[in-house]
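*Asks:* Please read through the structure below; I'll follow up with questions.
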Amino acid sequence: MLKRFVFLLLVFQLFGCANVNVGYWEFKVIEKSIDAITSIFKSEKKIPSAKIEIPLTPKPPLIKSNIAVIELSGVNIPKSAISALSDRLRSELLQTNHFQVIEREAMDEILKEQGFQQSGCTTNECAIEIGQLINVEKIIGGSINKVGNTFASTIRMINARNGNIEKTVSFDYSGPVDEILKRGMKKIAVELTF
């Protein structure tokens with residue numbers, strides 16, 4: 001490209017472009033050259049997504065709470081992504097060493113035996129009923145929604161005995177959903193331990 005530029009510069013010098021007497025065709029050649037050079041230096045710069053900061057996990061308690069994670073709800077996010085995020089949250093909560101987490105399959109089996117449908121369970125009353133059926137102390141539930149390019153999540157820890165919301169973690173992130181899967185669920189899990 002540099003050789004072409006030098007060649008064009010020489011051609012312009014030889015044909016009189018340097019002394020401002022530019023004809024129509026010479027002007028077009030110059031215009032094309034400028035466009036070509038401009039396109040080389042113009043490149044779409046990808047704006048990097050903000051990295052999700054994960055706080056340090058506090059020291060685990062002597063007695064772990066027995067918890068269950070119900071399927072998260074979501075708007076403008078595919079069901080497969082919601083399911084993957086719910087599973088990752090279960091895994092990350094277990095890895096904090098603060099909780100005994102009941103497996104989704106075991107929870108689904110117990111609920112199926114009791115004739116309970118978990119789908120559409122978004123109220124605290126529903127979470128209490130699930131907690132009592134599967135005999136856990138706390139239920140983790142909430143939602144992850146996409147608005148524009150931002151994912152907004154609100155995750156609640158509900159006492160399964162009395163229905164009180166013990167903790168709420170809200171988290172907003174602009175970037176790819178896979179980053180929420182990789183780091184966002186860990187951040188939420190750790191923040192639920194405080």
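*Asks:* Being modelled with pLDDT of 95 or more and not in a helix (DSSP H, G or I) is true for just one of 193, 168. Which residue is that?
*Replies:* After ruling out the rest, the residue left standing is 168.
*Asks:* Looking only at segment 62-83, which residues are aliphatic (A, V, I, L, M) and in contact with a Ser or Thr (Cβ under 9 Å, 6 or more places away or on another chain)?
*Replies:* Those that are aliphatic (A, V, I, L, M) and in contact with a Ser or Thr (Cβ under 9 Å, 6 or more places away or on another chain): 69, 70, 72, 75, 82.
*Asks:* Which strands (runs of 3 or more DSSP E) sit wholly inside segment 54-141 and have at least 2 residues that are in contact (Cβ under 8 Å) with a residue 12 or more places away in the chain, within 27 Å of the chain's Cα centre (by Cα) and more than 14 Å from residue 192 (Cβ to Cβ)?
*Replies:* 73-75
*Asks:* Kindly provide the set of residues from segment 163-189 that are of a type in the set (Val, Ile, Thr) and surrounded by fewer than 13 Cβ atoms within 10 Å (Cβ to Cβ), ordered by number.
*Replies:* Correct list: 165 only.
*Asks:* Looking only at residues in segment 121-148 that are over 26 Å from residue 63 (Cα atoms) and of a type in the set (Gly, Ala, Ser), which one is surrounded by the fewest Cβ atoms within 10 Å (Cβ to Cβ)?
*Replies:* Out of the qualifying residues, it is 148.
*Asks:* Looking only at segment 149-185, which residues are β-branched (Val, Ile, Thr), within 18 Å of residue 54 (Cβ to Cβ) and in contact (Cβ under 8 Å) with a residue 40 or more places away in the chain?
*Replies:* Correct list: 155, 177, 180.
*Asks:* Name the residue that is farthest from residue 97 (Cα to Cα), counting only residues in segment 41-56 that are at pLDDT 70 or above and surrounded by fewer than 10 Cβ atoms within 10 Å (Cβ to Cβ).
*Replies:* 51
The values are calculated or read from the model by the stated rules, or taken from the named source; none is laboratory data. Remember, it's a predicted structure, so these values are computed and weren't measured experimentally. For neighbour counting, all protein chains shown are included, and Cβ atoms are generated from backbone atoms with ideal geometry for every residue, glycine included.
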